[in-house]
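This report concerns only the one structure given below.
The values are calculated or read from the model by the stated rules, or taken from the named source; none is laboratory data. Quick caveat, the model's predicted, so the values are computed rather than measured. So basically every Cβ, Gly included, is an ideal-geometry build from the backbone, and we count neighbours across all protein chains shown.
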Amino acid sequence: MECGVKKRILLMALCILIPAFFLLDGNDASAASGEWISDAKGWHYRYADGSFAKSEYIDGYWLNWKGNYEKKWNGTWKKSAKGWWFRAGSWYPLEQWLKIDGKSYYFDSEGYLVTNRWIGKYYVDGQGVWTKTRSSSAPLVKPKTTQLKKPSYPQGSPAALWGALQVKGTQLCSAKGEAVQLKGVSTFGIIWDEGRYNINQDAFATLKNDWGANLIRIAVYTEEYGGYCNGSDQVSTETLNKTIADAVSYATNLGMYVIIDWHILRDGNPNQHISEAKQFFADMSYQYANYDNVLYEICNEPNGGVTWNEIKKYADTIIPIIRENDGDAVILTGTPTWSQDVDQVAANPVSDKTNVMYVLHFYASTHKDWIRNKLKTAIAAGTPVFITEFSICAADGNGSIDYQSAAEWKQLIRNDNLSYAGWSLSNKNETSALIKNSSSKHSGWTEGDLSETGVWLRNLIRGN
Ligand code: IDC
């Protein structure tokens, strides 16, 4: 290598490091502290401890297994809509580790940088940097599903604009850190007749385009009829999994966010079916690890006197299982008394303090100031709250609507920019059903097809 090359290398390195700088964000890009030296065999990179860089990139230059610089492999970070990748001419790393500027990164089967994830026994952080290793490569719970590739969300859709959500303080935020509000509807029991036919592509498109919804919640009952935990005598696990997968794909095709809700109800204590829950969340989080639009709700409504301590114990078991596959997904946990006691969380939050939110449910005719006060207390104490289910009627999902109480709840939702899903996308003859019992449409609902609750919710979502 002729004289002056080192200067050129430095100049080129500057250009190459610009994208890397954003990527590493806060990391010291000069972590590979050492120096370039040259001898008869060419250029090498010598670390401060005297060892030589081998089989790795430094400043965009490839040092081969002998530690010699190989010009033809000059490489650089690239960013596309789907994420970061690394390019060297026409080559790019695929399903492999690559050491760049002293840090190890893993690239997936499409060549994208993997973040917040265990790769076997190695963990890569939010910047994709390998940060820890555990002794065993065996997962906490072995998933039975296959992993889906990163989807492409339609341009301009919520998931395309906001990406992987994060929680900052009490606020749900986009990947970039702007405050966002998810708003939408909850399905009815996914295999129950009054709701199952409303789980289709056109229905979700109606909710997105006509209502302005950006969120669907998929209610996977555990013990009620056709539940996940009451045996294949009623509805098989395969059928349930297929229904969930279909629903997630309809939402994903539209770039909507989607909550997979482990809908405990009759089984008031989430620990009752903890082994099923562990497998379920291992399966789902593995399958959807690459989906920025999937959120996990780990227990709908603990009840029957189960304490926050017991729920926390459950959450502290399930969350690490999800994190192992999907390190940054937003996880929602239910709270005591049918997800009302969010005020109890602050004193003893779950162990994982990142991207976890706590669930509050209300039915406006029944739940008034005393529950609204719990919400205020929780938020004032710094607890991030997500309203994954509510209606404006009574707590049994029926009875009369209380518009006054509903308006007060609406005010709170607005004040705190809270995310929410309304119960439920069914035409059952009950007040909380969003579709009139007389309507037989399964998508394309017009105002005349909507129940009073449906009209109210559509207005709320539309921002009226
Ligand atoms: C209700 C349905 C109702 C069904 C019942 C089964 O609306 O048709 O018969 O479940 O137990 C909740 C629960 C939600 C309830 C809803 C209304 O999360 O599953 O759905 N509700 O009772 N919490 C408070 C109210």
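For the stretch 116-133, the set of residues classified as at pLDDT 95 or above and of a type in the set (A, V, I, L, M, F, W, C) consists of VAL124, VAL129, TRP130, listed by residue number. Quick check on LYS410: is it closer than 15 Å to HIS361 by Cα and charged (D, E, K, R)? Spelling it out, LYS410 is indeed closer than 15 Å to HIS361 by Cα and charged (D, E, K, R). Within the stretch 403-422, if we keep just the residues that are of a type in the set (Phe, Trp, Tyr) and more than 21 Å from the chain's Cα centre (by Cα), the residue that is nearest to the ligand (Cβ to nearest atom) turns out to be TRP409.
Taking the stretch 338-351 only, how many residues are away from the ligand (no atom under 16 Å from the Cβ) and of a type in the set (Phe, Trp, Tyr)? Walk me through it before giving the result.
In the first step, residues of the stretch 338-351 are kept if they are away from the ligand (no atom under 16 Å from the Cβ); the result is 343-351.
Okay, now just the ones that are also of a type in the set (Phe, Trp, Tyr), so none.
Of the residues in the stretch 338-351, 0 are away from the ligand (no atom under 16 Å from the Cβ) and of a type in the set (Phe, Trp, Tyr).
Contact map, the stretch 326-353: residues that are touching a residue at least 60 places away in the same chain (Cβ under 8 Å) paired with residues that are among the charged types (D, E, K, R) and within 16 Å of the ligand (Cβ to nearest atom), Cβ distance under 7 Å, separation 6+ or inter-chain. Pairs shown: LEU332/GLU297; GLY334/GLU301.
Which of the following residues is farther than 22 Å from LYS368 by Cβ, within 16 Å of the ligand (Cβ to nearest atom), under 30 Å from the mean Cα position of the chain (by Cα) and hydroxyl-bearing (Ser, Thr, Tyr): SER432, SER426? Give the derivation first.
Details: SER432 fails: farther than 22 Å from LYS368 by Cβ.
Result of the check over SER432, SER426: SER426.
Taking the stated definitions as given, is PHE86 under 30 Å from ALA164 (Cβ atoms) and either over 28 Å from the mean Cα position of the chain (by Cα) or aromatic (Phe, Trp, Tyr) (or both)? In short, yes. Of the numbered criteria (1) of a type in the set (Ser, Thr, Tyr); (2) surrounded by 19 or more Cβ atoms within 10 Å (Cβ to Cβ); (3) within 16 Å of the ligand (Cβ to nearest atom), the one TYR197 fails is (2). Please indicate, with yes or no, whether at least one residue in the stretch 436-455 is of a type in the set (Asp, Glu), over 26 Å from ALA347 (Cβ atoms) and in a loop (DSSP other than H, G, I, E, B). Within the stretch 436-455, none of the residues are of a type in the set (Asp, Glu), over 26 Å from ALA347 (Cβ atoms) and in a loop (DSSP other than H, G, I, E, B).
Just checking, which of THR383, THR335, THR354, THR366 is in contact with a strand residue (DSSP E or B) (Cβ under 8 Å, 6 or more places away or on another chain) and within 15 Å of the ligand (Cβ to nearest atom)? Step by step, each of THR383, THR335, THR354, THR366 is checked, and only THR335 is in contact with a strand residue (DSSP E or B) (Cβ under 8 Å, 6 or more places away or on another chain) and within 15 Å of the ligand (Cβ to nearest atom). A search for C-beta distances below 6 Å between a residue of the stretch 58-70 that is closer than 12 Å to HIS44 by Cβ and any residue that is of a type in the set (Gly, Ala, Ser), counting only pairs 6+ apart in sequence or on different chains, returns ILE58/ALA32; LEU63/ALA53; ASN68/GLY42; TYR69/GLY42.
Give the residues of the stretch 450-463 that are surrounded by fewer than 18 Cβ atoms within 10 Å (Cβ to Cβ) and either within 16 Å of the ligand (Cβ to nearest atom) or over 17 Å from ASN214 (Cβ atoms) (or both), sorted by residue number. Talk me through it step by step, then tell me what you get.
Applying the first criterion (surrounded by fewer than 18 Cβ atoms within 10 Å (Cβ to Cβ)) to the stretch 450-463 yields 452, 455, 459, 462-463.
Of everything in the stretch 450-463, those that are surrounded by fewer than 18 Cβ atoms within 10 Å (Cβ to Cβ) and either within 16 Å of the ligand (Cβ to nearest atom) or over 17 Å from ASN214 (Cβ atoms) (or both) turn out to be GLU452, VAL455.
Taking the stretch 251-273 on its own, how many of its residues are closer than 30 Å to LYS208 by Cβ, within 16 Å of the ligand (Cβ to nearest atom) and not aromatic (Phe, Trp, Tyr)?
6
Can you name every residue in the stretch 206-234 that is more than 16 Å from the ligand (Cβ to nearest atom), more than 18 Å from the chain's Cα centre (by Cα) and either touching a residue at least 12 places away in the same chain (Cβ under 8 Å) or within 18 Å of GLY463 (Cα to Cα) (or both)? Steps first, please.
Keep residues of the stretch 206-234 that are more than 16 Å from the ligand (Cβ to nearest atom), which gives 206-215, 231-233.
Keeping just the survivors that are more than 18 Å from the chain's Cα centre (by Cα) gives 206-212, 231-233.
Of everything in the stretch 206-234, those that are more than 16 Å from the ligand (Cβ to nearest atom), more than 18 Å from the chain's Cα centre (by Cα) and either touching a residue at least 12 places away in the same chain (Cβ under 8 Å) or within 18 Å of GLY463 (Cα to Cα) (or both) turn out to be THR206, LEU207, LYS208, ASN209, ASP210, TRP211, GLY212.
Looking only at the stretch 428-464, residues that are touching a residue at least 60 places away in the same chain (Cβ under 8 Å), touching a Cys at 6+ places or on another chain (Cβ under 9 Å) and farther than 23 Å from ASN417 by Cβ come to 1 in all.
Going by what's in this entry, would GLY128 be described as at positive phi and touching a residue at least 40 places away in the same chain (Cβ under 8 Å)? Quick ask: steps written out before the conclusion?
Details: at positive phi: yes; touching a residue at least 40 places away in the same chain (Cβ under 8 Å): yes.
Spelling it out, GLY128 is indeed at positive phi and touching a residue at least 40 places away in the same chain (Cβ under 8 Å).
Of the residues in the stretch 207-214, at least one is in contact with a strand residue (DSSP E or B) (Cβ under 9 Å, 6 or more places away or on another chain), under 27 Å from ILE379 (Cβ atoms), at pLDDT 95 or above and among the aromatic types (Phe, Trp, Tyr).
Residue check: is SER157 polar (S, T, N, Q), modelled with pLDDT of 95 or more, closer than 30 Å to ALA433 by Cα and within 16 Å of the ligand (Cβ to nearest atom)?
On the way: polar (S, T, N, Q): yes; modelled with pLDDT of 95 or more: yes; closer than 30 Å to ALA433 by Cα: yes; within 16 Å of the ligand (Cβ to nearest atom): no.
So SER157 does not fit the description; no.
On the stretch given as the stretch 274-304, residues that are surrounded by fewer than 21 Cβ atoms within 10 Å (Cβ to Cβ), under 21 Å from PRO336 (Cα atoms) and away from the ligand (no atom under 16 Å from the Cβ) total 4.
Just for strands (runs of 3 or more DSSP E) wholly inside the stretch 47-132: which have at least 1 residues that are surrounded by fewer than 18 Cβ atoms within 10 Å (Cβ to Cβ)? Before the answer, list the steps.
Values: elements: 56-58, 61-63, 76-80, 83-87, 96-100, 103-107, 117-119, 122-124.
In the stretch 47-132, 76-80, 83-87, 96-100, 103-107, 117-119, 122-124 are the strands (runs of 3 or more DSSP E) which contain 1 or more residues that are surrounded by fewer than 18 Cβ atoms within 10 Å (Cβ to Cβ).
Can you confirm whether ALA203 is aliphatic (A, V, I, L, M), over 21 Å from the mean Cα position of the chain (by Cα), over 27 Å from LEU412 (Cβ atoms) and away from the ligand (no atom under 16 Å from the Cβ)? Against the criterion (aliphatic (A, V, I, L, M), over 21 Å from the mean Cα position of the chain (by Cα), over 27 Å from LEU412 (Cβ atoms) and away from the ligand (no atom under 16 Å from the Cβ)), ALA203 qualifies.
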